[in-house]
Structures are given as structure tokens and as C-alpha cells.
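See structure below.
The values are calculated or read from the model by the stated rules, or taken from the named source; none is laboratory data. The shown structure was predicted, so the numbers you read here are calculated from the model rather than taken from an experiment. Ideal geometry is used to build each Cβ from the backbone, glycine not excepted, and the neighbour counts take in all protein chains shown.
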Amino acid sequence: MNHPMSDRDRQPQTRQPPVRGEQTPGSQAGTAVYLYGVARGLDTAVLGGVTGVTSAPVRAVPEGDLIALVSTVDLADFGEDALRDHLEDLAWLEAAARAHHEVVDRAAQAAPTAPVRIATLYRDDDRVRQVLADQHGEFTRVLDLISGRTEWGVKIYVHPEAFDAGAALPEPQPAAARGSGGPGASYLRRRQAQRRSRQEADRRISDYAQSVHERLTRYARASRRHPPQDQRLSGHTGVPVLNMAYLLDDEHTKEFLDTARRADAELTGVDVEVTGPWPPYSFIDTTDTTGGTGGGRREGEGR
Amino acid sequence: MTVAVDTGPSGPPMERVSLVDLLDRLLAGGVVLTGDLVISIAEIDLVEVSLRALITTVRDELAPHGAGVAAGEEQP
């Protein structure tokens, strides 16, 4: 996982005055503005009925050709201490993540929308407009990249027993070759054989995952590898061997899905799971354009 | 194959997406801006904090069921 981190970020933040307790014209005491994402050419009617984080209504803040999607939130929920506590609370985190996604997803299905990192807060709408104006070039670059494209996720899971069945080494190795050494040596030989067998299976699984990726990436503009998911979180019984995101031109979606479907049917014991369409979360260069360093990891650009 | 949602780019919003898929994206993606309220959490600790919360919660949920499922190496 690659997340932005610069030396500057590590230092105490002294550039911005604290929000708490401060009042600027047009701001309400005790509130902040939560930014979900930035869209271009969005008919804001699609946001009707969407509720944002902490059930706050979602509003559009336009600036030039850009539209910020925001909610006014209570600092009682989003002040530093409150946020720190909330993020440790899975139920709160899940509700916030789903609300954030719902807003971005709704907009992304209607117009190019750049998701903003979760929990990005400003003092008031004026500050949001200022950021849109200051970062206009960067948002334009990102929105150009994702226009007419969507993200799809592909995960490959292996059930090693099934995958091995055809090719597992015979259980007991003939003991004739080097019969001396007693039970200890025999045990070691058995362990070595098991280990070789396991390594061989791992290698074949890894080669297979790579071949599926190569077939899929032909239809993709870009791809990004996410870390394998914790099985306790995914609830999946198979062993996760690949967790990729692909950025597709909309017109290649069908070929891509057909290819994934064929790969899934190819081998017993291997599941190819597709999710999407997603807003292009994984293909935003996660550099803090307002001063940080770092960057999103992106693999080969196709076509 | 499980296609979580296969409605095409102009289809209805995704059905309930899995939280773990969502967090893969939300915690590692998106435009990073320095907000007014940035607190170290948003830029640095968010990923760690959240994942720790997740893992802890899941462990707690699994705890009553006892032994782990991973096939461990035997002791020498």
C-alpha cells in the first residue's frame, strides 16, 4: 500500500489555523465542510436523496467548470479527538466509508468525478472554492484521465486442495534409495518432499494469476495492485493470490468481463471474482497536490 | 464467477459492496488535499488506525470460536 507521506506531513501542522472555535464570515460555529469529490459537468439533480456522512445532506459547490460535492458536518463528529475515536470504531468507520462512497459513486455514474480522500475537511464553502480555483489544473488533469473510464476490481482466490489434486506428489517416497538414517532421516525427507510440493504448487498458482492478469490488462488503460485482503475480513475461504484494480475505457468493459468469466471457468479450485463498476479510486495519483510528495503506484499503461 | 454488479457503467448504483473492497479503495485512493482540519490522522494515521480497528474488531468477533484456521508449520 502506498500512501502519501512527506516530511512536512510528519511535522506538527502549523500552517493552518485550527478550525475549532474559529469563525469566519459565512461559517457556522462548530461546523466544517466535508469534501467527497470533485466533478465536472455534473447535473447535480443526481444527488437528490443522497445522504452523506453522519446523515448530512449533500450539496454542490461550483467554481468555474468544477463542482465540489460537500456536506456541512458537525465538529463534534469531525474534530480531531472525535475523529480519532470514531476511526477506531468499526461501525462508525463503515457508515462513513459507505456514505462517502455513495456520494462519489452517484456522481461518478453521471459525470467524471475525482474522489477525494476520506475525511478531508474545510472551514467553509469559500475555502472549498479557493481549493478548486488553486488546484484547477490538477483536477482537470485527473478528470481528463478518468473521463469515459471506470474502475473494475479482480480478485483471484485459490483453494489449494482442489488446485493440487491432479499434480500432488505421491505421499510416501520410496525409502529404498537412501534407506539409512532411521525414522529421523525419513521424516526429514518427507518434510522436504512436502515443501517442494508446496513450493511447486505456489509457483504454479502464482504463474496462473500472472497469466490472468496479463490477459485482463490488455483491455485496461492502467492497473494497480492492492494488497491481498485479510481472509478474516473478506470472509472468503480461498487463499487470496491477486487483488487488482483495472481502469477500463467504457467500451472495453464487455471484452474484459468476458475474459474474466472465461478465466474463472478455466480451472477448478480457482475463483476469479470481479467487482465494479467503481469510481476510479485506485487511479488517482495520491500525491498531496497542495504540497506533499509521494505518489500512486500504477502499472503499465495499455494501448 | 461472482460479478458483484455487472450492470455496466450506466447502470444503477452498486448493490451493497463489501466493506473490505471499499476500504482497499478509500484508504489507498482519492485525491489527497491538505484540508483545514488536517490533523495528522487524515494524512498519516488513517490507514493504520482504520486497519487496526478492523483487525481488532474481527479478532474479537472470532475469538469465541477459538483456534485459528491457518495451517501452521509443525514444531520441529
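Name the residues in the stretch A:59-77 that are of a type outside the set (Lys, Arg) and under 16 Å from A:ASP124 (Cβ atoms), would you? Scanning the stretch A:59-77 gives A:ALA60, A:VAL61, A:PRO62, A:GLU63, A:ALA68, A:LEU69, A:VAL70, A:SER71, A:THR72, A:VAL73, A:ASP74, A:LEU75.
Being within 11 Å of chain B (Cβ to nearest Cβ) and either surrounded by fewer than 16 Cβ atoms within 10 Å (Cβ to Cβ) or among the aromatic types (Phe, Trp, Tyr) (or both) is the filter here; which residues of the stretch A:56-87 pass it? Walk me through it before giving the result.
Pass one, the stretch A:56-87, residues within 11 Å of chain B (Cβ to nearest Cβ): A:68, A:73, A:75, A:78-87.
Residues satisfying the conditions are A:PHE78, A:ASP81, A:ALA82, A:ARG84, A:ASP85.
Can you tell me which residue within the stretch A:101-136, out of those that are under 13 Å from A:ARG40 (Cβ atoms) and assigned to a helix (DSSP H, G or I), is farthest from the other protein chains (Cβ to nearest Cβ)? Only one residue fits best here, namely A:HIS136. Residues that are charged (D, E, K, R) and either surrounded by 17 or more Cβ atoms within 10 Å (Cβ to Cβ) or at pLDDT below 90 (or both) do not occur anywhere in the stretch A:42-51.
Is it the case, given these coordinates, that A:HIS213 is at the interface with another protein chain (Cβ under 7 Å from one of its Cβ atoms) and not β-branched (Val, Ile, Thr)? Talk me through it step by step, then tell me what you get.
Numbers: at the interface with another protein chain (Cβ under 7 Å from one of its Cβ atoms): no; not β-branched (Val, Ile, Thr): yes.
Answer is no for this residue.
The residue of the stretch A:137-147 that is surrounded by the fewest Cβ atoms within 10 Å (Cβ to Cβ), among those that are within 11 Å of another protein chain (Cβ to nearest Cβ) and charged (D, E, K, R), is A:ARG141. Note on the stretch A:111-154: residues that are within 28 Å of A:LEU257 (Cα to Cα) and of a type in the set (S, T, N, Q) total 3. Taking the stretch A:235-251 as the range and being buried (at least 18 other Cβ atoms within 10 Å of the Cβ) and either without any contact (Cβ under 8 Å) to a residue 60 or more places away in the chain or away from every other protein chain (no Cβ under 11 Å) (or both) as the test, the residues that pass are A:GLY238, A:VAL241, A:LEU242, A:TYR246, A:LEU247. Being within 29 Å of A:ASP271 (Cβ to Cβ) and either touching a Phe, Trp or Tyr at 6+ places or on another chain (Cβ under 8 Å) or more than 9 Å from chain B (Cβ to nearest Cβ) (or both) is a property that holds for A:THR150.
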